[in-house]
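I have placed the structure first, in the form of C-alpha cells, so that the comments after it can refer back to it.
The values are calculated or read from the model by the stated rules, or taken from the named source; none is laboratory data. Only a predicted model underlies this, so the values are computations on that prediction, with no experimental measurement involved. Here Cβ is always computed from backbone atoms with ideal geometry, including for glycine, and neighbour counts include all displayed protein chains.
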Protein chains: 2
Amino acid sequence: MKNKKITIYDVAREAGVSLATVSRVLNKSAKVAPEKERMVLDVIERLNYRPNEVARGLARKRSTTVGVLVPEIGRLSVAEMLSGILDTANMEMYKYSTLIKSYASDLDLFKKYWEDLLSNQVDGILVMFDYITDEIQEMIENSPVPVVVFASATDSETLARVSIDYEQAFYDVTKYFLDNGNDDVLFCTRNYTSALEVQKRGYVRAFSESGRPVNEENILRVYRSYEENYEFAKEYLTTKKPQAIASTSDSAAIAFMNAALDLGIKIPEELEIISFSNTKTSQMVRPGLTSVSYPIYKIGVFSMRLLTKIMRNETSDENKFIEAHEIIWRQSTRKQK
Amino acid sequence: MKNKKITIYDVAREAGVSLATVSRVLNKSAKVAPEKERMVLDVIERLNYRPNEVARGLARKRSTTVGVLVPEIGRLSVAEMLSGILDTANMEMYKYSTLIKSYASDLDLFKKYWEDLLSNQVDGILVMFDYITDEIQEMIENSPVPVVVFASATDSETLARVSIDYEQAFYDVTKYFLDNGNDDVLFCTRNYTSALEVQKRGYVRAFSESGRPVNEENILRVYRSYEENYEFAKEYLTTKKPQAIASTSDSAAIAFMNAALDLGIKIPEELEIISFSNTKTSQMVRPGLTSVSYPIYKIGVFSMRLLTKIMRNETSDENKFIEAHEIIWRQSTRKQK
DNA sequence: CTGAAAGCGCTTACAG
DNA sequence: CTGAAAGCGCTTACAG
C-alpha cells in the first residue's frame with residue numbers, strides 16, 4: 001500500500017490551467033483548446049490521476065451506482081441473473097457500479113437494505129422478490145429513484161418489471177399432466193408464502209378447466225436441502241402413489257425422482273416429474289429431468305436495460321417485459337422432446 | 001417516485017440546533033445534551049431524514065464500501081462465497097456496502113474494474129483470481145487500500161489471503177488413485193492457464209512419490225458446457241481406457257461418468273472418478289460423485305473478516321488462512337465413506 | 001474557450 | 001456541551 005492521493009487540484013496546477021478546465025476535459029462537457037487538452041491529458045497520465053467518484057457523485061447529484069436486492073445470492077438462478085445484470089451495467093454505454101444486497105428472503109432485512117441503498121444515493125434499484133406484496137409495492141412506488149422489479153411474481157400492472165408469466169407456466173405443466181391422464185398431481189413448492197398464490201392460480205386453473213377438483217393435500221411444502229427432501233420423499237412415496245409431480249424446486253424434484261427409483265417406482269411410466277427451473281443439474285441427472293426453461297441471464301440483461309432507460313428518462317412506451325418460458329422435455333416425462 | 005431530498009440542514013433548523021450537533025447525534029461522536037439529542041432524534045424521525053452516505057464518505061474520507069472482484073459471478077461456488085462475504089459485510093459490527101464486479105476471467109477487464117473500484121473510493125478490496133500472476137500481485141502490493149485474496153492459487157507468502165491448499169488437495173486425490181492400483185489417472189481441468197501449475201504440482205508430486213512417470217497426455221483440457229464434455233468423453237472413452245479421473249470441474253466429471261455408463265463401463269469397478277468441487281449436484285447424480293469438499297461459504301466469511309481487520313489496522317498476527325479440505329466419498333469411487 | 005466562485009451534504013478540529 | 005467555519009474533491013452556472 002502506497003500512493004499519495006492526487007486530486008484534480010494537482011492536475012490543474014501541474015498543467016497550468018484551472019480546475020474547471022480539467023473537469024471539462026475529464027467530462028468532455030465543453031470545448032477546450034486542443035493544446036490545453038493535450039497538456040491536461042498528459043499530466044493526468046503522468047500523475048496517474050484517478051477522479052474521485054464519490055466527490056463527483058456529490059457534486060453532480062448522481063452516483064452512477066445502482067442497487068440490486070436479491071433474496072439469496074447463493075441460488076444458482078439468482079447468480080445467473082446477476083451475471084446478466086452486471087454484464088449490462090458495465091457495458092460502455094451504461095457503466096453503472098452495482099451495490100448488491102442479499103436479504104435472505106427476510107422482509108426486515110429487505111427494508112433495511114432498501115434504506116441503505118437510498119442512503120448510498122443509488123440512481124436506481126433492481127428488486128427481486130418472490131412475491132411483491134402491497135407493502136413492498138408501496139415502498140417501490142414511493143421510491144425517490146426508479147425501480148425495476150425482476151423475476152418476481154406480482155399482480156401489479158403498473159410496476160416496471162421483467163419476468164416470466166408464472167401463472168401460465170404452472171398452468172402449462174399442470175395441463176400437460178391432466179391431459180395425459182394424471183389426476184393426482186402433486187405440487188411441490190419451497191416457499192409457502194403468498195408467492196404461492198400466483199403460481200397456484202395456474203395449477204388451479206388447469207384443474208378447473210379440466211373439470212376436476214383440486215385436492216389441497218396435494219400442495220406440498222418441501223425442504224431446502226436435498227437430503228431432507230429425499231428422506232421426506234421416500235416416506236411419502238411409501239404410502240402415497242401420486243401420478244405426477246410439478247416442483248418449483250430442482251432439488252425436491254430430484255429427491256422425489258431418486259426416492260421413487262429407490263423404491264422401484266418406474267419413471268416416467270408410473271410417475272412423471274417436471275421441475276420449474278432448468279438448471280444445469282436437470283440435464284446431468286439420469287433420467288434427465290423435464291424442466292421449465294426461461295431465459296435467466298436475459299432477464300438480468302433486460303431488467304438492467306429497462307432501469308437504465310427509466311433513469312435516463314427515455315420515455316419507454318413499454319415498461320413491462322414478460323419473457324417466454326418453454327418446457328424442455330427429458331426422460332422424467334412420457335413425452336420426451 | 002416522490003420525496004423531496006431532505007438534508008442535515010433541514011434537521012438542524014427544525015430542531016433548533018447547529019449542523020454540528022445533528023452530526024454528533026448521528027454519529028454518536030461526542031456528548032450531546034439529552035434534551036437536544038431527543039429533539040434531533042424526533043425531527044429525524046418525523047422528517048424521515050436519511051443521511052447522504054456519499055457526502056459522508058467525502059467528508060470523512062472513508063466510503064464504508066468494499067469492492068469484490070470475482071472471475072464469474074454465475075459460478076455456483078463463487079455465488080456461495082459471495083453469500084458469505086455479503087452476510088459478513090452486513091453484520092452489525094461491519095456494515096460495509098459491497099461493490100461487486102465480475103470480470104469474466106478477462107485480465108483487461110480485471111484491470112479496468114480494479115481502477116473503477118479505486119475511483120469509487122472503496123476502503124478495501126476482495127480479490128478472487130484463479131491464479132495470482134506476478135502482474136496481479138504487483139497491482140495488489142501497490143494498492144492504496146488493503147486487499148485480501150480469496151480462493152485463489154498463489155505462491156506468494158506475503159499476500160493476505162484465505163483459501164485452501166490446492167496443491168495438497170490434488171495430491172491427496174491423485175495419491176488415493178495411485179495407492180489403489182490405478183496408473184492411468186486422467187487429470188481434467190477447465191482452465192489451462194498457470195492456475196494449472198499449482199494444482200498440477202500436487203498431481204505430479206503424488207506420481208513422483210509413487211515412483212511412476214507422469215504421462216502428459218493424461219492432462220486434459222475440458223469444455224465449459226456439459227454437453228460438449230459429454231460428447232468429448234464419449235469419444236475419448238471409446239478409444240482410451242483410463243482407470244481413474246480427477247476433474248476440477250463437476251460438469252466434466254459427470255459428463256465422463258454418464259458417458260462411461262452409456263458405454264457400459266462400470267463405475268467404480270472399471271473407472272473411478274473424483275471431482276474437485278462438492279456442489280449440490282455431486283450428491284444428486286447417481287452414482288453419487290466423490291468430491292473434494294471445502295468450506296466455500298466460510299471462505300467468504302473469513303476473507304471479509306480478515307479484510308475488515310486490516311482496514312481497521314487491527315494488527316492481525318495472522319494474515320493467511322488455509323482452510324482444510326476433505327474428500328466426501330460417494331459411489332463413484334471404490335472407497336465409499 | 002476559460003477562470004473564479006458557489007455549491008453538493010456532510011465531518012471535524014477549533015474556540016468557547 | 002455547542003456553534004461557526006473550513007474542508008472533503010469534484011461540477012456547473014456565470015461572466016468574460
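Here are a few things to note about the model shown:
- The one condition from (1) modelled with pLDDT of 90 or more; (2) within 8 Å of DNA strand D (Cβ to nearest atom); (3) of a type outside the set (Val, Ile, Thr); (4) within 21 Å of B:Asn142 (Cβ to Cβ) that A:Lys5 does not meet is (1).
- So A:Thr65, is it polar (S, T, N, Q) and within 16 Å of DNA strand C (Cβ to nearest atom): yes
- Residue that is away from DNA strand D (no atom under 12 Å from the Cβ) and on the phi > 0 side of the Ramachandran plot, where the choices are A:Lys95, A:Lys101: A:Lys95
- Of the residues B:Tyr192, B:Tyr131, B:Tyr176, B:Tyr203, the single one that is surrounded by fewer than 23 Cβ atoms within 10 Å (Cβ to Cβ) and at pLDDT 90 or above is B:Tyr176.
- Filtered residues of the range A:4-13 (kept if of a type in the set (D, E, K, R) and either within 10 Å of DNA strand C (Cβ to nearest atom) or surrounded by 15 or more Cβ atoms within 10 Å (Cβ to Cβ) (or both)): A:Asp10
Here's the yes/no breakdown for (1) facing chain B (nearest Cβ under 8 Å); (2) within 27 Å of A:Glu167 (Cα to Cα):
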site: A:Glu80; (1), (2): yes, yes
site: A:Leu86; (1), (2): yes, no
site: A:Leu126; (1), (2): no, yes
site: A:Tyr131; (1), (2): no, yes
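- Total residues in the range A:122-146 satisfying the condition of being free of Cβ contacts under 8 Å to residues at least 24 places away in the same chain and under 23 Å from A:Ile296 (Cβ atoms): the figure is 1.
- Of all residues making up the range A:248-272, the number that are polar (S, T, N, Q) and modelled with pLDDT of 95 or more: 1
- Subset of the range B:88-124 that is among the small types (Gly, Ala, Ser) and over 29 Å from B:Arg56 (Cβ atoms) - its residue that is farthest from the other protein chains (Cβ to nearest Cβ): B:Ser105
- Residue that is surrounded by the most Cβ atoms within 10 Å (Cβ to Cβ) [pool: residues in the range B:47-68 that are free of Cβ contacts under 8 Å to residues at least 24 places away in the same chain and more than 9 Å from every other protein chain (Cβ to nearest Cβ)]: B:Ala59
- Contacts under 8 angstrom Cβ, first residue in the range B:293-306 being within 10 Å of B:Glu323 (Cα to Cα) and touching a residue at least 40 places away in the same chain (Cβ under 8 Å), partner in a helix (DSSP H, G or I) and among the hydroxyl-bearing types (Ser, Thr, Tyr), 6 or more apart: B:Ile296/B:Ser77
- Subset tally (residues that are out of contact with any Gly (no Cβ under 8 Å at 6 or more places or on another chain), in a helix (DSSP H, G or I) and hydroxyl-bearing (Ser, Thr, Tyr)) for the range A:282-302: 0
- Every condition in (1) modelled with pLDDT under 95; (2) over 29 Å from A:Pro51 (Cβ atoms) holds for B:Lys61 except the one numbered (2).
- Whichever residue in the range B:24-69 is out of contact with any helix residue (DSSP H, G or I) (no Cβ under 8 Å at 6 or more places or on another chain) and of a type in the set (Asp, Glu) and, among such residues, is nearest to B:Ser152 (Cα to Cα): B:Glu45
- Subset of the range B:293-319 that is modelled with pLDDT of 90 or more and among the basic types (Lys, Arg) - its residue that is surrounded by the fewest Cβ atoms within 10 Å (Cβ to Cβ): B:Lys298
- Counting only helices (runs of 4 or more DSSP H) that fall entirely inside the range A:156-270 and contain at least 2 residues that are touching a residue at least 24 places away in the same chain (Cβ under 8 Å) and within 14 Å of chain B (Cβ to nearest Cβ), the qualifying elements are A:226-239, A:250-262.
- Looking across the range A:19-29, just one residue is outside any helix (DSSP H, G or I) and near DNA strand D (Cβ under 8 Å from one of its atoms), and that is A:Ser29.
- Candidate set from the range A:14-37 (those that are away from DNA strand C (no atom under 11 Å from the Cβ) and surrounded by 12 or more Cβ atoms within 10 Å (Cβ to Cβ)); member that is nearest to the other protein chains (Cβ to nearest Cβ): A:Leu26
- When B:Val66 is tested against (1) under 18 Å from B:Pro146 (Cα atoms); (2) within 16 Å of DNA strand D (Cβ to nearest atom); (3) not aromatic (Phe, Trp, Tyr), only condition (2) is not met.
- The one condition in (1) free of Cβ contacts under 8 Å to residues at least 12 places away in the same chain; (2) among the basic types (Lys, Arg); (3) closer than 19 Å to B:Tyr176 by Cβ that B:Arg312 fails to fulfil: (3)
- In the set (1) part of a loop (DSSP other than H, G, I, E, B); (2) within 12 Å of DNA strand D (Cβ to nearest atom), the condition left unmet by B:Ala12 is number (1).
- Pairs where the first residue, in the range B:321-337, is closer than 26 Å to B:Met304 by Cα and the second is of a type in the set (S, T, N, Q), C-beta under 6 Å, 6+ apart: B:Glu326/B:Ser293
- When the residues of the range A:3-13 are filtered to those that are away from chain B (no Cβ under 14 Å) and hydrophobic (A, V, I, L, M, F, W, C), the one that is farthest from the chain's Cα centre (by Cα) is A:Ala12.
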